[in-house]
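A.B. asks: Sharing a structure with you now.
The values are calculated or read from the model by the stated rules, or taken from the named source; none is laboratory data. It should be emphasised that the depicted structure is a prediction, and the values quoted were computed from it without experimental measurement. Cβ coordinates were reconstructed from backbone atoms using ideal geometry, including for glycine residues, and neighbour counts include every protein chain displayed. Just so you know, the surface numbers come from the protein's heavy atoms only, side chains and all, with ligands and any DNA or RNA stripped out. Shrake-Rupley method; radii C 1.70, N 1.55, O 1.52, S 1.80 Å.
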Amino acid sequence: MRDIGLRRLAIAFLALAAVIGLSVSGYISSRESTNQETYFGDPDNPNRVDVTVWITRVDATTQALSVTIMDVLPNGTLVDPRGNFAQDTTVTTAAIGTWRAEIKAGDSAPDIEQRVTIVGTVTDYPFDRYSGRLEVHALGADGDELPVGLTVLNTDPFFGITTTADTAPNGGAVVNLGVYRSMPTLIFAVFVMVLMLGLALGAVVAAFYVLHWRRGLIFPACSMMAAILFALIPLRNAVPGSPPIGSLIDFGSFFIAEAVISIALISSIVWGFRHQRSIERAEEEATTEGEHDDGVVEEPV
């Protein structure tokens, strides 16, 4: 018996280790997809302008990327003895608002906060996807295009981004972006959807127990269904990304769960009350008959 117990303990330990290993491997895969660094343009040209685009946040609601243009550095013949730009240089990007930065000869480039548009359907949450485009150009003092070495860095933990190089007819660097929810976000959102449907099924089982066997008003069952009904709202709002109402998560689980639990709760109260009154009337009649049976009837003399 002791050997059997040790064997079971070893099997349970190995199963737990396997689950933890799979979970950690999922974390590593997710980290690689959300902390990406890719290179484009002409990074091998010795006379180039290096530009880093740091994607700090993906805003699916407004469909825009918050990016920082940083580490704009000259190389080769474009740099002066102090390490700054040797000539007037203009850096332009395909962004909203501040898309043009003028850099004077002898100066270093400032960091620039920008927003880049993306296109997608946010109500497809949690399976929503977006596409966008990064375009960076560096112009010399004579207006000619300078070679650009572009580094794209994504650090938004809620989104993964795929990057592919595109052709730039006038020079510069162009990158096509594919934006999607990160694996932890997708797993958590799907888990919440399944959980809401499971809670709705639990409410149906409780209502069936109350109504099928005519149990009457079972207040613990009604309290449980009411608690689940109101707990679904903060549970739905807890999913990352704050999807707008009317998203796929709502039509796929939240609305269904709320409707099913509401019907189960109301039915348990209305029909449960009717059954409870029938039970109470039957008990009253049984009590009255018992009192009559226990009475003493005297024979006339």
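A.B. asks: Could you please let me know if ARG277 is of a type in the set (Lys, Arg) and surrounded by 16 or more Cβ atoms within 10 Å (Cβ to Cβ)?
C.D. replies: It is false that ARG277 is of a type in the set (Lys, Arg) and surrounded by 16 or more Cβ atoms within 10 Å (Cβ to Cβ).
A.B. asks: Right, something else. Looking at TYR130, is it open to solvent by less than 80 Å² (accessible area, probe 1.4 Å), among the hydroxyl-bearing types (Ser, Thr, Tyr) and touching a residue at least 60 places away in the same chain (Cβ under 8 Å)?
C.D. replies: Yes.
A.B. asks: In addition: Does VAL270 satisfy being more than 23 Å from MET225 (Cβ to Cβ), over 25 Å from the mean Cα position of the chain (by Cα) and either among the aliphatic types (A, V, I, L, M) or modelled with pLDDT of 90 or more (or both)?
C.D. replies: Against the criterion (more than 23 Å from MET225 (Cβ to Cβ), over 25 Å from the mean Cα position of the chain (by Cα) and either among the aliphatic types (A, V, I, L, M) or modelled with pLDDT of 90 or more (or both)), VAL270 does not qualify.
A.B. asks: Also, quick follow-up: If I ask for residues that are open to solvent by 50 Å² or more (accessible area, probe 1.4 Å) and polar (S, T, N, Q), which ones from segment 75-102 would you list?
C.D. replies: Within segment 75-102, THR77, GLN87, THR98 qualify.
A.B. asks: Considering only residues of segment 137-160 that are open to solvent by 50 Å² or more (accessible area, probe 1.4 Å) and touching a helix residue (DSSP H, G or I) at 6+ places or on another chain (Cβ under 8 Å), which is farthest from ARG48 (Cα to Cα)?
C.D. replies: PHE158
A.B. asks: Which numbered condition trips up GLU284, out of (1) outside any loop (DSSP other than H, G, I, E, B); (2) modelled with pLDDT under 90; (3) open to solvent by less than 80 Å² (accessible area, probe 1.4 Å)?
C.D. replies: Every listed condition holds for GLU284 apart from (3).
A.B. asks: A further question follows. Considering segment 51-73 alone, what residues qualify as being open to solvent by less than 40 Å² (accessible area, probe 1.4 Å) and in contact with a Gly (Cβ under 8 Å, 6 or more places away or on another chain)?
C.D. replies: Correct list: VAL51, ALA60, LEU65.
A.B. asks: Let me ask something additional. What are the pairs with Cβ atoms under 7 angstrom where one residue, in segment 257-282, is among the hydroxyl-bearing types (Ser, Thr, Tyr) and the other, located anywhere, is modelled with pLDDT of 80 or more and exposed (fewer than 14 other Cβ atoms within 10 Å of the Cβ)? Sequence gap at least six, or different chains.
C.D. replies: none
A.B. asks: Which pairs have Cβ atoms under 8 Å, sit 6 or more apart or on different chains, and link a residue in segment 109-124 that is farther than 16 Å from GLN63 by Cα to one that is open to solvent by 30 Å² or more (accessible area, probe 1.4 Å) and not in a helix (DSSP H, G or I)?
C.D. replies: Pairs that qualify, where the first residue is farther than 16 Å from GLN63 by Cα and the partner is open to solvent by 30 Å² or more (accessible area, probe 1.4 Å) and not in a helix (DSSP H, G or I), are ALA109/LEU73; ASP111/MET70; ILE112/MET70; ILE112/THR98; GLU113/THR98.
A.B. asks: Only residues in segment 42-65 that are within 15 Å of ALA109 (Cα to Cα) count as the first member; pair them with residues that are of a type in the set (A, V, I, L, M, F, W, C) and open to solvent by 60 Å² or more (accessible area, probe 1.4 Å), Cβ under 9 angstrom, at least 6 apart or cross-chain, and list the lot.
C.D. replies: From residues that are within 15 Å of ALA109 (Cα to Cα), the pairs are VAL49/LEU73; ASP50/LEU73; VAL51/LEU73; THR52/LEU73.
A.B. asks: I need every pair where a residue in segment 89-103 that is within 14 Å of VAL51 (Cα to Cα) has its Cβ under 7 Å from the Cβ of a residue that is open to solvent by 50 Å² or more (accessible area, probe 1.4 Å) and aromatic (Phe, Trp, Tyr), sequence separation at least 6 or different chains.
C.D. replies: Listed by first residue and then by second, the contacts come to THR92/TRP99; THR93/TRP99.
A.B. asks: Of everything in segment 151-160 that's in a strand (DSSP E or B) and either aromatic (Phe, Trp, Tyr) or closer than 18 Å to ARG115 by Cβ (or both), which residue is nearest to the chain's Cα centre (by Cα)?
C.D. replies: Within segment 151-160, the match that is nearest to the chain's Cα centre (by Cα) is PHE159.
A.B. asks: Search segment 161-208 for residues being in a strand (DSSP E or B) and without any contact (Cβ under 8 Å) to a residue 40 or more places away in the chain, and hand back the single one that is surrounded by the most Cβ atoms within 10 Å (Cβ to Cβ).
C.D. replies: Out of the qualifying residues, it is THR162.
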